[in-house]
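The values are calculated or read from the model by the stated rules, or taken from the named source; none is laboratory data. All values derive from a computational prediction rather than experimental measurement. FYI the Cβ positions are ideal-geometry reconstructions off the backbone, even for glycines, and counts take in every protein chain you see.
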Amino acid sequence: MLPITKVVRRLFARRPSVGAVNFGDLRRLTPICDNWGFSRGQVIGRYYVEKFLRKHVDGVSGVILEFGDPRYRPLLRQDRIERYDVLDITSRDGVTITGDIQSIPAIADETYDAIICTQVLEHVPNPFDAVKELHRITKKDGVLLLTVPHINKIHRSPGDYWRFTEDSLRLLLKPFSHLEIEMFGNVLTTALFGYGISSNELTQQEMDLADPEYPVIFGCLARR
(Lines give C-alpha, C1' and ligand atoms only; values in the text may rest on other atoms or scores of the structure.)
Protein backbone atom coordinates (compact mmCIF):
# COMPACT_ATOMS: atom_id res chain seq x y z
CA MET A 1 0.00 0.00 0.00
CA LEU A 2 1.41 3.37 -1.03
CA PRO A 3 0.90 6.08 1.63
CA ILE A 4 -0.10 9.59 0.61
CA THR A 5 2.62 12.10 1.43
CA LYS A 6 3.04 15.81 0.72
CA VAL A 7 5.35 14.90 -2.16
CA VAL A 8 2.79 12.51 -3.65
CA ARG A 9 0.07 15.14 -3.26
CA ARG A 10 2.19 17.62 -5.22
CA LEU A 11 2.78 15.07 -7.98
CA PHE A 12 -0.96 14.57 -8.40
CA ALA A 13 -1.98 18.14 -7.64
CA ARG A 14 -2.85 19.39 -11.14
CA ARG A 15 -6.05 21.31 -10.57
CA PRO A 16 -8.16 22.63 -13.45
CA SER A 17 -9.60 26.07 -12.91
CA VAL A 18 -13.22 26.50 -11.92
CA GLY A 19 -15.42 25.71 -14.89
CA ALA A 20 -12.66 23.84 -16.74
CA VAL A 21 -13.15 20.40 -15.19
CA ASN A 22 -14.02 17.76 -17.83
CA PHE A 23 -16.57 15.52 -16.15
CA GLY A 24 -17.00 13.27 -19.19
CA ASP A 25 -18.90 10.06 -18.45
CA LEU A 26 -19.14 10.98 -14.75
CA ARG A 27 -21.47 13.92 -15.35
CA ARG A 28 -24.54 11.89 -14.60
CA LEU A 29 -27.11 11.49 -11.82
CA THR A 30 -27.15 7.69 -11.80
CA PRO A 31 -24.29 5.23 -11.23
CA ILE A 32 -22.58 3.56 -14.17
CA CYS A 33 -23.24 0.25 -12.40
CA ASP A 34 -25.89 0.23 -9.65
CA ASN A 35 -24.58 -3.06 -8.19
CA TRP A 36 -21.31 -1.75 -6.69
CA GLY A 37 -19.45 -2.59 -9.92
CA PHE A 38 -20.05 -6.37 -9.95
CA SER A 39 -21.16 -6.25 -13.60
CA ARG A 40 -17.86 -4.61 -14.62
CA GLY A 41 -15.30 -6.68 -12.69
CA GLN A 42 -14.00 -6.83 -9.13
CA VAL A 43 -15.73 -4.41 -6.77
CA ILE A 44 -13.35 -1.74 -5.45
CA GLY A 45 -14.31 -2.43 -1.83
CA ARG A 46 -13.74 -6.18 -2.24
CA TYR A 47 -10.34 -5.54 -3.83
CA TYR A 48 -9.32 -3.83 -0.59
CA VAL A 49 -10.84 -6.54 1.60
CA GLU A 50 -8.81 -9.19 -0.22
CA LYS A 51 -5.68 -7.04 -0.11
CA PHE A 52 -5.98 -6.75 3.66
CA LEU A 53 -6.67 -10.46 4.18
CA ARG A 54 -3.86 -11.63 1.90
CA LYS A 55 -1.45 -9.60 4.00
CA HIS A 56 -2.45 -11.34 7.24
CA VAL A 57 -3.76 -14.85 6.56
CA ASP A 58 -0.35 -16.54 6.26
CA GLY A 59 -0.21 -16.91 10.03
CA VAL A 60 -3.80 -18.09 10.40
CA SER A 61 -4.30 -21.69 11.51
CA GLY A 62 -6.40 -23.91 13.76
CA VAL A 63 -10.13 -23.42 14.36
CA ILE A 64 -11.48 -20.66 12.13
CA LEU A 65 -14.80 -18.77 11.94
CA GLU A 66 -16.08 -16.74 9.01
CA PHE A 67 -19.40 -14.94 8.61
CA GLY A 68 -21.96 -15.37 5.84
CA ASP A 69 -20.14 -17.87 3.67
CA PRO A 70 -16.63 -19.36 3.37
CA ARG A 71 -15.72 -16.78 0.72
CA TYR A 72 -12.17 -16.30 1.95
CA ARG A 73 -11.30 -19.85 2.96
CA PRO A 74 -9.32 -20.35 -0.30
CA LEU A 75 -6.89 -17.63 0.81
CA LEU A 76 -5.76 -19.75 3.79
CA ARG A 77 -3.27 -22.60 3.91
CA GLN A 78 -5.69 -25.53 3.81
CA ASP A 79 -3.31 -27.88 5.64
CA ARG A 80 -3.37 -25.52 8.63
CA ILE A 81 -7.15 -25.57 9.06
CA GLU A 82 -8.34 -27.77 11.91
CA ARG A 83 -12.00 -26.74 11.55
CA TYR A 84 -13.75 -24.05 9.53
CA ASP A 85 -17.10 -22.76 10.80
CA VAL A 86 -19.44 -20.36 9.01
CA LEU A 87 -22.01 -18.37 10.98
CA ASP A 88 -25.02 -16.63 9.50
CA ILE A 89 -28.36 -15.44 10.82
CA THR A 90 -30.19 -17.74 8.39
CA SER A 91 -29.69 -21.47 7.88
CA ARG A 92 -28.58 -22.60 4.41
CA ASP A 93 -26.00 -24.75 2.68
CA GLY A 94 -22.49 -23.95 3.85
CA VAL A 95 -23.61 -22.41 7.16
CA THR A 96 -22.48 -24.51 10.11
CA ILE A 97 -23.83 -22.27 12.90
CA THR A 98 -27.06 -20.28 12.72
CA GLY A 99 -27.10 -17.28 15.00
CA ASP A 100 -26.90 -13.54 15.55
CA ILE A 101 -23.41 -12.07 15.91
CA GLN A 102 -24.74 -9.85 18.73
CA SER A 103 -25.43 -12.92 20.90
CA ILE A 104 -24.03 -16.37 20.10
CA PRO A 105 -24.66 -18.61 23.14
CA ALA A 106 -24.16 -21.70 20.94
CA ILE A 107 -20.43 -20.88 20.75
CA ALA A 108 -18.32 -21.46 23.86
CA ASP A 109 -15.79 -18.98 25.22
CA GLU A 110 -12.37 -18.98 23.56
CA THR A 111 -13.32 -21.32 20.71
CA TYR A 112 -11.53 -19.77 17.72
CA ASP A 113 -7.89 -19.24 16.84
CA ALA A 114 -8.93 -16.81 14.12
CA ILE A 115 -12.11 -15.02 13.08
CA ILE A 116 -12.64 -13.48 9.63
CA CYS A 117 -15.38 -10.85 9.76
CA THR A 118 -15.62 -8.80 6.57
CA GLN A 119 -18.20 -6.08 5.87
CA VAL A 120 -20.55 -7.34 8.59
CA LEU A 121 -20.70 -4.78 11.42
CA GLU A 122 -22.40 -2.12 9.32
CA HIS A 123 -25.43 -4.46 9.24
CA VAL A 124 -25.53 -4.97 13.01
CA PRO A 125 -27.85 -2.74 15.12
CA ASN A 126 -25.47 -2.87 18.13
CA PRO A 127 -21.86 -3.40 16.98
CA PHE A 128 -20.61 -3.10 20.59
CA ASP A 129 -22.54 -6.25 21.49
CA ALA A 130 -21.13 -7.95 18.40
CA VAL A 131 -17.54 -7.05 19.31
CA LYS A 132 -18.11 -8.24 22.88
CA GLU A 133 -19.10 -11.64 21.46
CA LEU A 134 -16.20 -11.68 19.00
CA HIS A 135 -13.80 -11.02 21.88
CA ARG A 136 -15.44 -13.70 24.03
CA ILE A 137 -15.20 -16.49 21.43
CA THR A 138 -11.62 -15.67 20.36
CA LYS A 139 -8.92 -17.71 22.07
CA LYS A 140 -6.25 -15.97 24.13
CA ASP A 141 -3.69 -14.66 21.61
CA GLY A 142 -6.19 -15.47 18.84
CA VAL A 143 -6.74 -13.00 16.02
CA LEU A 144 -9.73 -11.15 14.59
CA LEU A 145 -9.41 -9.97 10.98
CA LEU A 146 -12.14 -7.38 10.53
CA THR A 147 -13.07 -5.05 7.68
CA VAL A 148 -15.71 -2.33 7.71
CA PRO A 149 -16.75 0.39 5.25
CA HIS A 150 -16.07 4.08 5.60
CA ILE A 151 -18.20 4.73 2.53
CA ASN A 152 -20.59 2.43 0.72
CA LYS A 153 -23.79 2.42 -1.23
CA ILE A 154 -26.77 1.76 1.05
CA HIS A 155 -27.29 -1.99 1.41
CA ARG A 156 -30.73 -2.41 2.98
CA SER A 157 -30.72 -6.19 3.31
CA PRO A 158 -30.31 -7.30 6.09
CA GLY A 159 -30.34 -3.65 7.26
CA ASP A 160 -27.67 -0.96 6.94
CA TYR A 161 -26.88 0.97 10.13
CA TRP A 162 -23.29 2.24 10.30
CA ARG A 163 -20.18 3.61 8.60
CA PHE A 164 -16.88 3.71 10.50
CA THR A 165 -13.85 5.91 11.16
CA GLU A 166 -10.50 5.13 12.77
CA ASP A 167 -11.65 6.78 16.01
CA SER A 168 -14.87 4.76 16.16
CA LEU A 169 -12.95 1.53 15.52
CA ARG A 170 -10.50 2.21 18.34
CA LEU A 171 -13.44 2.75 20.66
CA LEU A 172 -15.33 -0.28 19.36
CA LEU A 173 -12.39 -2.70 19.52
CA LYS A 174 -11.13 -1.53 22.91
CA PRO A 175 -11.70 -4.97 24.53
CA PHE A 176 -8.85 -6.44 22.47
CA SER A 177 -5.33 -6.16 23.89
CA HIS A 178 -3.65 -5.40 20.55
CA LEU A 179 -5.08 -3.49 17.58
CA GLU A 180 -3.70 -2.50 14.18
CA ILE A 181 -5.87 -0.41 11.85
CA GLU A 182 -5.18 0.04 8.14
CA MET A 183 -7.09 2.20 5.70
CA PHE A 184 -7.55 1.55 2.00
CA GLY A 185 -8.57 4.01 -0.67
CA ASN A 186 -8.05 7.52 -1.99
CA VAL A 187 -10.12 10.31 -3.49
CA LEU A 188 -10.25 8.62 -6.90
CA THR A 189 -11.34 5.19 -5.68
CA THR A 190 -13.76 6.77 -3.21
CA ALA A 191 -15.48 8.70 -6.00
CA LEU A 192 -15.48 5.87 -8.54
CA PHE A 193 -16.73 3.31 -6.01
CA GLY A 194 -19.89 5.40 -5.81
CA TYR A 195 -20.27 5.28 -9.59
CA GLY A 196 -19.91 1.50 -9.63
CA ILE A 197 -16.58 1.46 -11.45
CA SER A 198 -14.64 -1.78 -10.85
CA SER A 199 -11.06 -2.18 -9.69
CA ASN A 200 -10.24 -3.69 -13.11
CA GLU A 201 -10.77 -0.29 -14.72
CA LEU A 202 -8.05 1.39 -12.63
CA THR A 203 -4.31 0.89 -12.49
CA GLN A 204 -2.71 -0.86 -9.52
CA GLN A 205 -1.04 2.42 -8.57
CA GLU A 206 -4.41 4.17 -8.54
CA MET A 207 -5.94 1.38 -6.46
CA ASP A 208 -3.08 1.03 -3.97
CA LEU A 209 -2.42 4.68 -3.19
CA ALA A 210 -3.72 5.20 0.36
CA ASP A 211 -4.95 8.61 1.50
CA PRO A 212 -6.08 8.72 5.17
CA GLU A 213 -8.49 11.54 4.32
CA TYR A 214 -10.40 9.44 1.78
CA PRO A 215 -10.71 5.83 2.96
CA VAL A 216 -13.05 3.36 1.28
CA ILE A 217 -12.66 0.66 3.93
CA PHE A 218 -10.72 -0.04 7.12
CA GLY A 219 -8.98 -3.31 7.91
CA CYS A 220 -8.38 -4.21 11.55
CA LEU A 221 -6.14 -6.87 13.03
CA ALA A 222 -7.12 -7.35 16.69
CA ARG A 223 -5.61 -9.85 19.14
CA ARG A 224 -7.25 -10.91 22.34
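Only residues that are among the acidic types (Asp, Glu), touching a residue at least 40 places away in the same chain (Cβ under 8 Å) and buried (at least 16 other Cβ atoms within 10 Å of the Cβ) were counted across the stretch 111-159, and they come to 2. You will find that of Lys140, Lys174, the residue that is farther than 17 Å from Thr118 by Cβ and not in a loop (DSSP other than H, G, I, E, B) is Lys140 and no other.
Do we find that Ile181 is out of contact with any His (no Cβ under 7 Å at 6 or more places or on another chain), part of a strand (DSSP E or B), surrounded by fewer than 20 Cβ atoms within 10 Å (Cβ to Cβ) and of a type outside the set (Ser, Thr, Tyr) in this structure? Against the criterion (out of contact with any His (no Cβ under 7 Å at 6 or more places or on another chain), part of a strand (DSSP E or B), surrounded by fewer than 20 Cβ atoms within 10 Å (Cβ to Cβ) and of a type outside the set (Ser, Thr, Tyr)), Ile181 qualifies. Has the stretch 164-183 got any residue that is closer than 23 Å to Gly37 by Cβ, of a type in the set (S, T, N, Q) and modelled with pLDDT of 95 or more? The answer is no; no qualifying residue exists. Gly37 passes every criterion in (1) buried (at least 17 other Cβ atoms within 10 Å of the Cβ); (2) modelled with pLDDT of 95 or more apart from (2). Restricting attention to the stretch 184-224, the residues that are under 10 Å from Tyr48 (Cβ atoms) and not in a helix (DSSP H, G or I) add up to 8.
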